[in-house]
Amino acid sequence: MERAGEEQRILVGEIGRPHGVRGLVKLRSFTAEPGAIAGYGPLTDATGTRRIALTLLAPDLARIEGVADRDAAQALTGTQLYVARAALPPPEEDEYYLSDLIGLAAVTAAGASLGEVRAVEDHGAGPFLVLAGPPERLVPFTRAAVPVVDLPARRLVVAPPEEILVRPEAEA
Amino acid sequence: MPRSVWKGPFVDGYLLNKAEVARASSRNDIIKIWTRRSTILPQFVGLTFGVYNGKKFIPVQVSENMVGHKFGEFSPTRTFTGHSGDKKAKRG
């Protein structure tokens, strides 16, 4: 995510190689639903100066407004596509955009720093935060472990859960 | 060939005992385990485990849908990095 002054922009995709000779391009979408990338209106490139309007023809194939031949499409290969943060719909209660969480400062209830949120991952068993530390901590994203998320203040309060070690030797 | 039904699901014995203790304490502890091969049983639902992936203990919040799967399925051993895009996380 890029922050330029007040405007926040989020990387949502990347233009791939040309497809055919009529200016179509392959598209790599980073959105939760690949087709959603075309639903946010015109996108911009990394500099924020060029406006790029897409029409999706397939989940990974797009037509770009003003691009009608292969050479023009080739010139756009590798262009990263950004959307303004304000263009995203508001999340539901207790739901947060990953791009909003990443970079927040994590502190304990007593105010001690735990580093910043480096990533939010989910491998099918609930989301968890990766706190940079040091030391690096993985904290489940639950109300118990993260009681306060203060986006305007760019911080969240973490109550690190106690850890119980269960070594295989305990079997003996 | 699938595991014979008459054997029942495999789970390391010490894990059962520790899960019972954790459930009785009703705290939000993370139970760090190395046993990726153990099957997730109904009595583990609601507990949070830290399942070792060879480097880190990945938090696994056990839900009903996960019963019958192995712990290791939720703790990948390969690194995948992607872009956050418009993805969201719900606080449980």
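FYI, it's all coordinate maths here, none of it is from the lab. What you see is a predicted model; the values in this text were computed from it and never measured. No Cβ is skipped: glycine too gets one built from the backbone with ideal geometry, and neighbour counts run over all protein chains shown.
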**Study point:** Cross-link partners of B:Lys90 among lysines (Cα-Cα below 27 Å; sequence separation of 8 or more within a chain)
**Key:** B:Lys32, B:Lys55, B:Lys56, B:Lys70
Practice item. Can you tell me the equivalent ellipsoid semi-axes for chain B? Use √(5λ) from the Cα gyration tensor, largest first, whole Å. Key: 24, 18, 13
Exercise for review: Please report the base-10 log of the normalised intensity I(q)/I(0) for the protein assembly as shown, using a Debye sum with one equal scatterer per alpha carbon and no solvent, at each q in 0.08, 0.09, 0.17 (1/Å).
Suggested key: -0.44, -0.54, -1.21
Review point. Would you list A:Leu61, A:Leu131 from fewest to most Cβ contacts within 10 Å?
Key: A:Leu61, A:Leu131
Review point. Put +1 on the Cβ of every Lys and Arg and -1 on every Asp and Glu Cβ in chain B; which of B:Met66, B:Ser84, B:Pro9 then has its Cα farthest towards the positive end of the dipole?
Key: B:Ser84
Check your understanding: Where does each of B:Trp6, B:Trp34 land when they are ranked from fewest to most other beta-carbon atoms within 10 angstrom?
Key -> B:Trp6, B:Trp34
Check your understanding: Can you list the GluC sites (Glu not before Pro) in region A:85-161 that are in a DSSP coil and have 15 or fewer other beta carbons within 10 angstrom?
Key -> A:Glu92, A:Glu93, A:Glu136
Revision key, fill the gap. The summed charge of the A:Gly20 Cβ neighbourhood (under 14 Å; Lys/Arg +1, Asp/Glu -1) stands at +2
Review point. Kirkwood Rh, Cα Rg: Rg to Rh for region A:98-157?
Key: 0.93
Practice item. Note down the relative contact order for chain A as a percent, whole number, built from C-alpha pairs under 8 angstrom at least six residues apart. Key: 17 percent
**Study point:** Over region A:98-157, relative contact order from alpha-carbon pairs under 8 Å, at least 6 apart, %
**Key:** 30 percent
